[in-house]
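Heads up, the thing below is written out as structure tokens.
The values are calculated or read from the model by the stated rules, or taken from the named source; none is laboratory data. Being a predicted model, the structure only gives us computed values, none of them experimental. Cβ coordinates were reconstructed from backbone atoms using ideal geometry, including for glycine residues, and neighbour counts include every protein chain displayed.
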């Protein structure tokens, strides 16, 4: 087993080829938003015949290609792509884009059989041999569609997730939706995802009636402003909510028929941790659906900037629950270190949560500043539970090659190199920690690999 793991502890990074056709410039590229969830999962966007026509249009390697599908039946490339899209409810356009991004099979003739064998880059690694179990065009297409669907249904088992900040290829990225996070888990670098986005825009992003995500819109001579986000129209029910983050000069006027193409999404709200001041000059801190009074003394102790205060009226504030007043200078949470003995804590409100290893800090709080303080200050806080690793982290002990995935707070052994590869995990993401840190997590069911399919209990 040890030799197996030494061979298979790999860096996951998919291959990609430069496009063989002109692509638009990078204007509009947003690393934090690649495509919408609806675009990723619109499995009825094309019929099997339409996929075949698309391949024929470009006269590339897949136009007349036939091979055995995973059911051992001889099928065309179009039939294989369409079958995978329907099995896993993934847009066939996404699979076409992925095939072009990885091996340029849509627009070019194949120069070697390996381009078919590793068509979607699944289980291919930089500077390592690809995992042979996933060799073959049909298996590649099937596993790529499975992988994207599996992430959508089990996002807690992966590193990249929505709403969290990551440094990817030197850029700060905050995936804004599940589709974007899924694509980064498949290809964990900017260049590959930018290539995907360019191909997608060139082939499928030219709908003239489509409005770019992030656009502010309204109807002429009618009240109400909307934000197009994740291909939905999110209403602003409050002028104060709008002015907290946007400007009226950026609103686009459009016809009613164009706006009605988008279903209504969640109403826009004040950003989390906003400081809201009511007409009585009381200041509240918004946390999710709760507002908490910030006494003047605490406001000064925290060092909030008065310019960050947002004026709100009673109608704005009445929709929130009222929580207990802020009594600690750390309502949003911060890292504190005992400057005498070096102990670390995550302190939020009146509770300090001990952190037993710096690897937990690096994984859970990569961008938080550590503040040194004295023992007396720390003793003023109640001690809470130990901080553990967040879900999606890969761990191993110092003396073996058994790898665990943290999932729903438990450590689940990845039972084989095949299971490790099937999930698309990368050896470079595995964190080695002492056994006592590993054992902070209760042991869960192992992740198995059975006949080409993983089972998640």
How about the stretch 356-374: which of its residues are out of contact with any strand residue (DSSP E or B) (no Cβ under 7 Å at 6 or more places or on another chain) and part of a helix (DSSP H, G or I)?
-> 358, 360, 362, 364
Please work out which one of (1) at pLDDT 90 or above; (2) under 31 Å from the mean Cα position of the chain (by Cα) is the condition residue 280 fails and give its number.
-> (2)
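Conditions (1) without any contact (Cβ under 8 Å) to a residue 40 or more places away in the chain; (2) within 27 Å of residue 366 (Cα to Cα); (3) in contact with a strand residue (DSSP E or B) (Cβ under 6 Å, 6 or more places away or on another chain), marked per residue:
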| site | (1), (2), (3) |
| --- | --- |
| 270 | no, yes, yes |
| 273 | no, yes, no |
| 312 | no, no, yes |
| 316 | no, no, no |
| 329 | yes, yes, no |
| 345 | yes, yes, yes |
Checked pairs for the stretch 153-178, first in the same structural domain as residue 405 (by TED's automatic domain parsing), second surrounded by fewer than 19 Cβ atoms within 10 Å (Cβ to Cβ), C-beta under 8 Å and 6 or more apart or across chains, list as none
Name the one entry in 331, 366, 325 that is over 27 Å from residue 291 (Cα atoms) and either surrounded by 12 or more Cβ atoms within 10 Å (Cβ to Cβ) or out of contact with any helix residue (DSSP H, G or I) (no Cβ under 7 Å at 6 or more places or on another chain) (or both).
-> 366
Scanning the stretch 27-72 residue by residue, those under 20 Å from residue 185 (Cβ atoms), in a helix (DSSP H, G or I) and in contact with a strand residue (DSSP E or B) (Cβ under 9 Å, 6 or more places away or on another chain) turn out to be 38
Pick from 78, 84: which is under 25 Å from the mean Cα position of the chain (by Cα), part of a helix (DSSP H, G or I), modelled with pLDDT of 95 or more and within 28 Å of residue 180 (Cα to Cα)?
-> 84
Restricting attention to the stretch 381-417, the residues that are closer than 23 Å to residue 334 by Cα, outside any strand (DSSP E or B) and in contact with a strand residue (DSSP E or B) (Cβ under 9 Å, 6 or more places away or on another chain) number exactly 11
Residue among 288, 258, 316, 349 that is surrounded by 16 or more Cβ atoms within 10 Å (Cβ to Cβ), closer than 30 Å to residue 231 by Cβ and either at pLDDT below 95 or not assigned by TED's automatic domain parsing to the domain that holds residue 170 (or both) = 316
